[in-house]
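Working notes, beginning with the structure itself.
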């Protein structure tokens, strides 16, 4: 960091990533889709944060926004994305590009589709290493082999020469993880990294991500629709609904005492052995074209009242436990 | 590799079948065209029926059709395409000589059409919905829909008659002398170091090449654009961007190769279009290639020439398509395994 | 359970399904490999039971589902419904005995047909009832799955994933089958939508006394929903028995691993467990002996690599593992 005296902020609490008031819209033929509306969260160095929610809640697009890779016709309308205190959105495009791969990296849902089908695994990991670390090809190759070994791929020399279609889903995801970590990023974003994999392979990949996180000291944003995956892997969980964050809390706390009615209802609709009946959430997610003001869950919420017509602010109801609700569920 | 072998095996079998069927069709159609080759050769005056019958017998045209076909096919299988009715020269050497001229034209048109088409297609896709995109796609549409002979005539009027930049037709100017080594005119001029002849040949090639390449370039451009637009939404493009590649870098390193797979198919099909187009183009530009030779054969009902030319065309198209199929394995590793 | 055996039952007896491996041969006369999708599987599901089939890719659960409906021909063994073989059964009788709901609610409905026609199609195809009765039955069925008369004239694309799956269920039930096979019917749906569809299935099962075979990779779901469970690995059943007992004390090492690997938000302080290693082998060349021996933590010796264990009774369930030596469990029925 620069030597100039910046506004006094206690160093240990400085987040690695701070997203504040992020607004993102898609201009479609039907109208303006407010895909993200005031999304704010932080990720501390080395922390694993889960971003959970159902289809269309905005968890993946949040990841894309942090990467600076919002797909057309989406665009960011407001807010800030700070990495290590630096406002990424204020950077020229070229500088943001230099951040990708060297400071933030991404892992995708379908590993075999995230690898170029006509390029070898080796060429892609070497490419990533050279770009992120500004090293020559020979050195990049050494680093690539070393990284492939670290992600648990035996015989990295052979893996370097293979193509995506020659790998199983699990191996391809290991290769993708190697490509993501080879640049030395301090923040890895994994977007549903195990949703296309079998459970036994999912467990291996999640374990690998945790091991790497500890070993490399990088932070991890784990985007998932699977509350179980989030519970078992994350320090802290951020729950999204219809483009907004409704609750965030340490993982155990969230599942022990969910405060937002949506979180609580979501947990009650999860099937598990020994449960008598599920309690589905009535109604459907509101249309994000001109959504009604106020809490976006109000139309499905049994606790909703007249006050819910105004947008609730995030309030801290427990240690590091935040909820955006006027009528949160209190633990009994 | 096993899959490639399998493909090769199936394709070879199919190709032989196609050519066999085609030979029957061509043979039949030629006999259905009104007119008589001997009358075309000798003229209608002062010829007696007896004389006519004699010549027919000499040429074997009096036998039943299926006997004629089988005899012709048998000879073709042995590499003997018969002799021209018009000038009694062996057909095959003549065809091959003309083919060399056409081949240079077709190669030039393929290179021009493909490279231009790919370039326009990629730029259109990357700069989607810009003026460049709209303009080139309108151009491409007109290119696909414009008749070849009309384009040729327009070019002659514009660039030869009005502007006088390029010659109106022919292979070379009257005063240029060609030394034959391989039979490929441009290649020969290069081998023998005749700078002036090379320039002259190239000048003569420009308009026919543009005429031939225009429609295929348009089709290649449209295909390339669609293909790039599809590939650009793939996850691996995002993954490339996510590891810090620039957009141009991703296009060059990860989009092009994948997007070109369907384009290669189109280019392969286009080779057939070049050959078909060369018949008209060579006639318009008086270019002494295979197309014009065949055209002359058709006019004179010269059965062996036309039949031979069409079999040759078919064989070339079959071989080119085989090469295209095999070239997939160079581009796409999934085919190789 | 003796009373249950007299109820109408769908049974697979020593069922095997093998496919030719796709176009790998270099020459037309070369011999192609064989995918052993289902190997010697026996199950028996009486009316009214919710039977689960669990497993990962390549375990054969979807092929088993298709074979139960005679959609693929078995290479060996047979499927019987109420004692009658499904092979050669007249179409109407077969379709009004057993029906299926597919995984993808987006592809399984014809996009160009109206919902009323989609649901009524089986009645029309089999020439059942007159127009009025068909219309009445179609509407009644739609109401049973939570839709109504206002939906009859709409097209599938106007519905959400959950609603489409309701339509698919209505279509499957219109001929009043005794048995319903559900192949991952909720795996494309969000949790809250899945909950609605699962509750619907439970209710229909009770109301219509359906025998259900529910195929899924999600053990949390199967643990919640099913009465009995079969766990499959590489085409074979490795453990089968009452769901509660299997979850309380899984016997086969693979079942143990599968339950442990299934994430759940509720098991706080669960010991972080080293995940099972290795990949799922190919079922073109499955490992000799016990199919799971290549990844098994409890492998006891060379016997695992060389001899296929039989299904044996162990604490009220059938287990295919050399660790247990109970009496052989031949049929797929309850003990």
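The values are calculated or read from the model by the stated rules, or taken from the named source; none is laboratory data. Just so it is clear, the model here is predicted, and its values are computed rather than measured. Note that we place each Cβ from the backbone using ideal geometry, even for glycine, and neighbour counts take in every protein chain shown.
Filter region A:212-225 down to the residues that are touching a helix residue (DSSP H, G or I) at 6+ places or on another chain (Cβ under 9 Å) and surrounded by fewer than 22 Cβ atoms within 10 Å (Cβ to Cβ), then identify the one that is nearest to the other protein chains (Cβ to nearest Cβ). Among them, the one singled out is A:225. Of the residues making up region C:83-98, those that are part of a loop (DSSP other than H, G, I, E, B) and either within 22 Å of residue C:48 (Cα to Cα) or touching a strand residue (DSSP E or B) at 6+ places or on another chain (Cβ under 8 Å) (or both) are C:83, C:86, C:87, C:89, C:96, C:97. If the condition is being within 17 Å of the chain's Cα centre (by Cα) and buried (at least 23 other Cβ atoms within 10 Å of the Cβ), then region A:192-201 contributes A:193, A:194.
The rows are residues; the columns are (1) farther than 26 Å from residue C:53 by Cα; (2) modelled with pLDDT under 90; (3) in contact with a helix residue (DSSP H, G or I) (Cβ under 9 Å, 6 or more places away or on another chain).
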| site | (1), (2), (3) |
| --- | --- |
| C:145 | no, yes, yes |
| C:149 | yes, yes, yes |
| C:154 | yes, yes, yes |
| C:160 | yes, yes, yes |
| C:163 | no, yes, yes |
| C:168 | no, no, yes |
| C:179 | no, no, yes |
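Based on this model, can you work out whether residue A:196 counts as part of a helix (DSSP H, G or I) and either within 22 Å of residue C:54 (Cα to Cα) or away from chain C (no Cβ under 14 Å) (or both)? Answer is no for this residue.
Among the residues here, residue A:230 qualifies as part of a helix (DSSP H, G or I) and touching a residue at least 60 places away in the same chain (Cβ under 8 Å). Within region C:74-86, does at least one residue satisfy the condition of being within 14 Å of chain A (Cβ to nearest Cβ), within 27 Å of the chain's Cα centre (by Cα) and modelled with pLDDT of 85 or more? Scanning region C:74-86 turns up no residue that is within 14 Å of chain A (Cβ to nearest Cβ), within 27 Å of the chain's Cα centre (by Cα) and modelled with pLDDT of 85 or more. Taken over region A:147-157, the criterion of being assigned to a helix (DSSP H, G or I) and surrounded by 19 or more Cβ atoms within 10 Å (Cβ to Cβ) is satisfied by A:147, A:148, A:150, A:156.
Say whether the condition of being within 16 Å of the chain's Cα centre (by Cα), surrounded by fewer than 21 Cβ atoms within 10 Å (Cβ to Cβ) and within 14 Å of chain A (Cβ to nearest Cβ) is met by at least one residue in region B:284-301. Looking for residues that are within 16 Å of the chain's Cα centre (by Cα), surrounded by fewer than 21 Cβ atoms within 10 Å (Cβ to Cβ) and within 14 Å of chain A (Cβ to nearest Cβ), one finds none in region B:284-301, hence no. Among the residues making up region B:172-198, those that are in a helix (DSSP H, G or I) and in contact with a helix residue (DSSP H, G or I) (Cβ under 9 Å, 6 or more places away or on another chain) are B:185, B:186, B:187, B:188, B:189, B:190, B:195, B:196, B:197, B:198. When restricted to residues that are more than 8 Å from chain A (Cβ to nearest Cβ) and assigned to a helix (DSSP H, G or I), region C:203-233 contains 7.
Does at least one position in region A:295-303 carry a residue that is in a loop (DSSP other than H, G, I, E, B), within 12 Å of chain C (Cβ to nearest Cβ), without any contact (Cβ under 8 Å) to a residue 12 or more places away in the chain and under 21 Å from residue C:265 (Cβ atoms)? No, region A:295-303 contains no residue that is in a loop (DSSP other than H, G, I, E, B), within 12 Å of chain C (Cβ to nearest Cβ), without any contact (Cβ under 8 Å) to a residue 12 or more places away in the chain and under 21 Å from residue C:265 (Cβ atoms). Within region A:158-185, if we keep just the residues that are within 11 Å of another protein chain (Cβ to nearest Cβ) and outside any helix (DSSP H, G or I), the residue that is surrounded by the fewest Cβ atoms within 10 Å (Cβ to Cβ) turns out to be A:168. Condition test on residue A:284, is it facing chain C (nearest Cβ under 8 Å), within 28 Å of residue A:25 (Cβ to Cβ) and modelled with pLDDT under 90? The answer is yes for residue A:284.
In this structure, residue A:50 does not satisfy being under 23 Å from residue A:285 (Cα atoms), surrounded by fewer than 22 Cβ atoms within 10 Å (Cβ to Cβ) and within 14 Å of another protein chain (Cβ to nearest Cβ). Among the residues of region B:311-334, none qualifies, meaning not one is part of a loop (DSSP other than H, G, I, E, B), over 24 Å from residue B:222 (Cα atoms) and out of contact with any strand residue (DSSP E or B) (no Cβ under 6 Å at 6 or more places or on another chain). Just one of the listed residues (A:270, A:266, A:278) is surrounded by 18 or more Cβ atoms within 10 Å (Cβ to Cβ), within 7 Å of another protein chain (Cβ to nearest Cβ), within 23 Å of residue C:162 (Cα to Cα) and in contact with a strand residue (DSSP E or B) (Cβ under 9 Å, 6 or more places away or on another chain), and it is A:266. Scanning region B:83-118 for residues that are without any contact (Cβ under 8 Å) to a residue 12 or more places away in the chain and in a helix (DSSP H, G or I) yields a total of 4.
Just one residue in the set C:259, C:276, C:280, C:246 is part of a loop (DSSP other than H, G, I, E, B), modelled with pLDDT of 85 or more and within 11 Å of chain A (Cβ to nearest Cβ); that residue is C:280.
Please determine whether any residue of region A:81-88 is outside the structural domain of residue A:230 (by TED's automatic domain parsing), under 16 Å from the mean Cα position of the chain (by Cα) and more than 30 Å from residue A:30 (Cα to Cα). Yes, region A:81-88 contains a residue that is outside the structural domain of residue A:230 (by TED's automatic domain parsing), under 16 Å from the mean Cα position of the chain (by Cα) and more than 30 Å from residue A:30 (Cα to Cα). Out of region B:230-240, which residues are at the interface with chain A (Cβ under 7 Å from one of its Cβ atoms), in a helix (DSSP H, G or I) and surrounded by fewer than 22 Cβ atoms within 10 Å (Cβ to Cβ)? Result: B:235, B:238. A single member of A:301, A:325, A:295, A:234 is over 24 Å from the mean Cα position of the chain (by Cα), at pLDDT 90 or above and surrounded by 15 or more Cβ atoms within 10 Å (Cβ to Cβ), and it is A:301. Against the list (1) more than 9 Å from chain B (Cβ to nearest Cβ); (2) closer than 23 Å to residue A:46 by Cβ; (3) within 19 Å of the chain's Cα centre (by Cα), the condition residue A:151 fails is (3).
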